[in-house]
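Chemist: Sending over a structure as structure tokens; questions will come in a sec.
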Amino acid sequence: MTAMDTPLLEASDVSVRYRIRGRSRRGSRYLTALDGVSLSWRAGETLALVGESGSGKSTLGRVLLGLIAPTGGTVRYGTQPLTGAVRRRLSREVQLIFQDPYQSLNPRSTVGAQVLAGLQIHRIGAPGVERTAIGLAALSAAGLNPPEVFWHRYPHQLSGGERQRVVIAGAMALGPTALVCDEPVSALDVSVRAQVLNVLADLRAERGLSLLFITHDVSLARQMSNRIIVLYRGRIVEEGPTATVLADPQHDYTKRLLAAVPTVPAR
Amino acid sequence: MSAVERVAGAIPGVAEPVGSAGGAAAPLVGGAADDDILLQVSGLTVARKDAPSVHIVDDVSFTLRRGEAMGLAGESGCGKTTTALAVLGLLPGGLRRVSGELVFRGGGRARPLHRLGGAAMRRIRWASISMIFQGAMNALDPVKTVGSQIAEAITLHEPKVGRAAVSRRVGELLDQVGVPAKRSVYYPHEFSGGQKQRIMIALALACRPELVIGDEPTTALDVITQAQILDLLGELRRELGLSLLLITHDLAVLARACETIAVMYAGQIVETGSVDAVYRDPQHPYTARLLDLLGAHDAPGALPKPIRGNQPRPNARPSGCRFHDRCTFATDRCAAEAPDMRNVGAGVPPHAARCHFAPWPDGAVDPQDRQASPEGQEETP
């Protein structure tokens, strides 16, 4: 059994229903965000969950991380269901990166303090010099050099790309095996976007990190993923190797999604 | 209709001389071209009031023709939004236009926007030049129905129009953008993001403007909605003969919506021309890298290397060519001497680039550090 065959996170027949405002004749009204979704994210794999707003892709990401309990179905981390100790281990080993680095950083504390906070929560390293060293190394690995300079800065003193790299550094300091990236670059400019994606690609190459991209951006999936899963209205409508799905989409929705992506004329 | 044909429609002589008053009396040379121009921006420079030497927008000139859709492209902080706000006379308090002329030839006469006072500018704004703002979903008033917001724009500019006529026009406008007219009594929160953006477009069209400025009008939308909105803008443009100035960082969106492009970097236009010419054969290394970064035609899994460094802040721009410290082709001359715009091709507008080495030999400006493996990322300072 190779590393690629080991499931990192697995969802079987997962459904999520949200109760929404208003009542129907039969009682409360529900919105089905996910409807019988099964997927397996294998160790070492870069997977892309693609779909439009409201397709359920972010909900699925949160269910996989145990942040939302599914209304039906089960999620397993490795081979174990998500309970108590397993969830705690998951919360350290699989980190989440959000779209908007402006919102995921505390404006009132320094970069260093925020990186240290994660280490304290997970009790990684000895307080003081050791934790600081881990944090500085993480900043450097995320391309924030020299790290000592960034350590004392506040978020407002950083550019958008630097902020997103601080978020990545904060996640990487905890020594995760995997990152779930929810629209990691859609708030960033084109050239900055490439910098952040290259940082992620380097970390993947150096540390064998597994990556899961949650995105509506087909070109991001194209640049970064090995396998693609297309979600539409809470169901998986298509999945397969990225090159295959993009070159020869089977489902109507995938075709529509690909046709909607604006492209530049070939040179 | 291809982009080329659409551009051809805007070329003087090809275009029909609509409404050229007194036909025979119109001058034969130059007159047609002038009639054809809707907005002429020459040497626009915008500076910070507290630091007049810091030019946010630096000597920007461009021409927008009637019916043309032009994209103003560039990354955050390049001055593209400031340029648009200067056209509308809506510069934020800390900024001031220090030089440059803005001539708008709407409504059958040429008006120097840069000399107009507040009241005159207010009459032009929305009636002749309107704007679709970035994050339009937040630009609508949450406590008023969408219909009343559109009606308000109409009555402000055309106080003589009766109530029945206004509400008829609100219905027509909503219809035009694909929102059922009966939903005019709904509040903004009752619409989806894409629908709100359609309503913003209806609002921008309320007073039948000749020029619509769109500031990242589709950036907050997902791909499918974005495609619908871009198609809608294209249809409305053809139907109403509107001109569009589209401000965006997204070169792919721009290619879908515009015929001509001006790329901005650090306050200056660095390349301009038809979308076809610029995208096929970029002549400024910055444009070439931006197009490369889209990676649209790469094999899956290929990740282009980033441009090293960051765009300089307005108060810390390098000497010579402003892109030289990030450019892989830079020489000593680039650091010492600021390049002018150089024409590199014919067309309307002519293809021009602000680079000492333009025109480049075939393919020479194409990035050579493109690679299929994600390894070997450059350190950014």
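Chemist: Suppose we filter the stretch B:88-109 for residues that are surrounded by 12 or more Cβ atoms within 10 Å (Cβ to Cβ), without any contact (Cβ under 8 Å) to a residue 40 or more places away in the chain and within 24 Å of B:L240 (Cα to Cα); how many remain?
Modeler: Number satisfying all stated conditions: 0.
Chemist: Please pick out the residue among A:L47, A:L39 that is open to solvent by less than 20 Å² (accessible area, probe 1.4 Å), within 14 Å of another protein chain (Cβ to nearest Cβ) and in a strand (DSSP E or B). Steps first, answer last, please.
Modeler: Values: A:L39 fails: within 14 Å of another protein chain (Cβ to nearest Cβ).
So the residue among A:L47, A:L39 that is open to solvent by less than 20 Å² (accessible area, probe 1.4 Å), within 14 Å of another protein chain (Cβ to nearest Cβ) and in a strand (DSSP E or B) is A:L47.
Chemist: Here are the criteria: (1) modelled with pLDDT of 90 or more; (2) crowded, with 20+ Cβ neighbours inside 10 Å. Tell me which single one A:R193 does not satisfy.
Modeler: (1)
Chemist: Kindly indicate which of B:I213, B:I201, B:I229, B:I224 is within 14 Å of chain A (Cβ to nearest Cβ) and under 17 Å from the mean Cα position of the chain (by Cα).
Modeler: Just one listed residue meets the conditions, B:I229.
Chemist: Restricting to the stretch B:282-295, give me the number of residues that are of a type outside the set (D, E, K, R), at the interface with chain A (Cβ under 8 Å from one of its Cβ atoms) and touching a Lys or Arg at 6+ places or on another chain (Cβ under 9 Å).
Modeler: 3
Chemist: Further, regarding this structure: Counting only residues that are part of a helix (DSSP H, G or I) and over 19 Å from B:L245 (Cβ atoms), how many does the stretch B:120-178 have?
Modeler: Keep residues of the stretch B:120-178 that are part of a helix (DSSP H, G or I), which gives B:120-124, B:136-138, B:146-157, B:163-176.
From the residues that got through so far, the ones that are over 19 Å from B:L245 (Cβ atoms) too are B:120, B:122-123, B:137-138, B:146-157, B:163-176.
The total comes to 31.
Chemist: Here is a further query. Sort out which residues of the stretch B:194-226 are touching a His at 6+ places or on another chain (Cβ under 9 Å) and part of a loop (DSSP other than H, G, I, E, B), and write them in order of number.
Modeler: If the condition is that a residue be touching a His at 6+ places or on another chain (Cβ under 9 Å) and part of a loop (DSSP other than H, G, I, E, B), then B:A206, B:C207, B:E216, B:T219, B:D222 are the ones that fit.
Chemist: A further question on this structure: Considering only the stretch A:253-267, state which residues are assigned to a helix (DSSP H, G or I), small (G, A, S) and at the interface with chain B (Cβ under 7 Å from one of its Cβ atoms).
Modeler: Within the stretch A:253-267, just A:A260 meets the criteria.
Chemist: Another one. Kindly provide the set of residues from the stretch B:239-254 that are surrounded by fewer than 24 Cβ atoms within 10 Å (Cβ to Cβ), under 11 Å from B:L72 (Cα atoms) and within 13 Å of chain A (Cβ to nearest Cβ), ordered by number.
Modeler: Matches in the stretch B:239-254: B:T248, B:H249, B:D250.
Chemist: I need a count of the residues in the stretch B:112-148 that are in contact with a Leu (Cβ under 9 Å, 6 or more places away or on another chain), crowded, with 17+ Cβ neighbours inside 10 Å and not hydrophobic (A, V, I, L, M, F, W, C).
Modeler: 5
Chemist: On to the next question. Restricting attention to the stretch A:228-246, which residues are open to solvent by less than 30 Å² (accessible area, probe 1.4 Å), more than 11 Å from chain B (Cβ to nearest Cβ) and touching a helix residue (DSSP H, G or I) at 6+ places or on another chain (Cβ under 7 Å)?
Modeler: A:V230, A:L231, A:E238
Chemist: Right, next: Considering only the stretch A:103-135, state which residues are open to solvent by 70 Å² or more (accessible area, probe 1.4 Å) and β-branched (V, I, T).
Modeler: Selection gives A:I121, A:V129.
Chemist: Would you mind finding the one in A:L67, A:L31, A:L9 that is among the hydrophobic types (A, V, I, L, M, F, W, C), at pLDDT 90 or above and farther than 30 Å from B:A302 by Cβ?
Modeler: A:L67
Chemist: Continuing with the same structure: Specify which of the listed residues (B:T287, B:T272) is out of contact with any Asp or Glu (no Cβ under 7 Å at 6 or more places or on another chain) and modelled with pLDDT of 90 or more.
Modeler: Exactly one residue qualifies, and that residue is B:T272.
Chemist: Within the stretch B:267-281, identify whether any single residue is more than 7 Å from chain A (Cβ to nearest Cβ) and within 30 Å of A:D202 (Cα to Cα), and answer yes or no.
Modeler: Scanning the stretch B:267-281, I find no residue that is more than 7 Å from chain A (Cβ to nearest Cβ) and within 30 Å of A:D202 (Cα to Cα), so the answer is no.
Chemist: Then there is this: Could you list, in sequence order, all residues of the stretch A:143-179 that are open to solvent by 10 Å² or more (accessible area, probe 1.4 Å), more than 13 Å from chain B (Cβ to nearest Cβ) and either in a strand (DSSP E or B) or without any contact (Cβ under 8 Å) to a residue 24 or more places away in the chain (or both)?
Modeler: A:E148
Chemist: Here are some residues: B:Q197, B:Q226. Which one is open to solvent by less than 10 Å² (accessible area, probe 1.4 Å) and either free of Cβ contacts under 8 Å to residues at least 12 places away in the same chain or within 30 Å of A:L231 (Cβ to Cβ) (or both)?
Modeler: Step by step, each of B:Q197, B:Q226 is checked, and only B:Q197 is open to solvent by less than 10 Å² (accessible area, probe 1.4 Å) and either free of Cβ contacts under 8 Å to residues at least 12 places away in the same chain or within 30 Å of A:L231 (Cβ to Cβ) (or both).
Chemist: Tell me, yes or no, whether the stretch B:277-289 has at least one residue that is in contact with a Gly (Cβ under 9 Å, 6 or more places away or on another chain) and of a type in the set (G, A, S).
Modeler: Yes, that holds for at least one residue.
Chemist: Restricting attention to the stretch B:70-87, does a residue exist that is open to solvent by 10 Å² or more (accessible area, probe 1.4 Å) and part of a strand (DSSP E or B)?
Modeler: Taking every residue of the stretch B:70-87 in turn, none turns out to be open to solvent by 10 Å² or more (accessible area, probe 1.4 Å) and part of a strand (DSSP E or B).
Chemist: I've got another one for you. Tell me, which strands (runs of 3 or more DSSP E) lie completely within the stretch A:180-252 with 1 or more residues that are over 23 Å from A:L67 (Cα atoms)?
Modeler: Those strands (runs of 3 or more DSSP E) span A:227-232, A:235-241.
Chemist: Another question about this same structure. What number of residues in the stretch A:205-225 are within 12 Å of another protein chain (Cβ to nearest Cβ) and surrounded by fewer than 18 Cβ atoms within 10 Å (Cβ to Cβ)?
Modeler: Residues that pass the stated criteria total 2.
Chemist: Quick one: would you say B:R237 is in a helix (DSSP H, G or I), touching a Ser or Thr at 6+ places or on another chain (Cβ under 9 Å) and among the charged types (D, E, K, R)?
Modeler: For B:R237, the condition - in a helix (DSSP H, G or I), touching a Ser or Thr at 6+ places or on another chain (Cβ under 9 Å) and among the charged types (D, E, K, R) - is met.
Chemist: Scan the stretch B:179-193 residue by residue and report those that are in a helix (DSSP H, G or I) and of a type in the set (A, V, I, L, M). Can you show your working first?
Modeler: Quick first cut of the stretch B:179-193, residues in a helix (DSSP H, G or I) only: B:181-185, B:188-190, B:193.
Those that are in a helix (DSSP H, G or I) and of a type in the set (A, V, I, L, M): B:A181, B:V185.
The values are calculated or read from the model by the stated rules, or taken from the named source; none is laboratory data. All values reported here derive from a predicted model rather than from experimental measurement. Note that each Cβ is placed from the backbone with ideal geometry, even for glycine, and that neighbours are counted across all protein chains shown. Just so you know, the surface numbers come from the protein's heavy atoms only, side chains and all, with ligands and any DNA or RNA stripped out. Shrake-Rupley method; radii C 1.70, N 1.55, O 1.52, S 1.80 Å.
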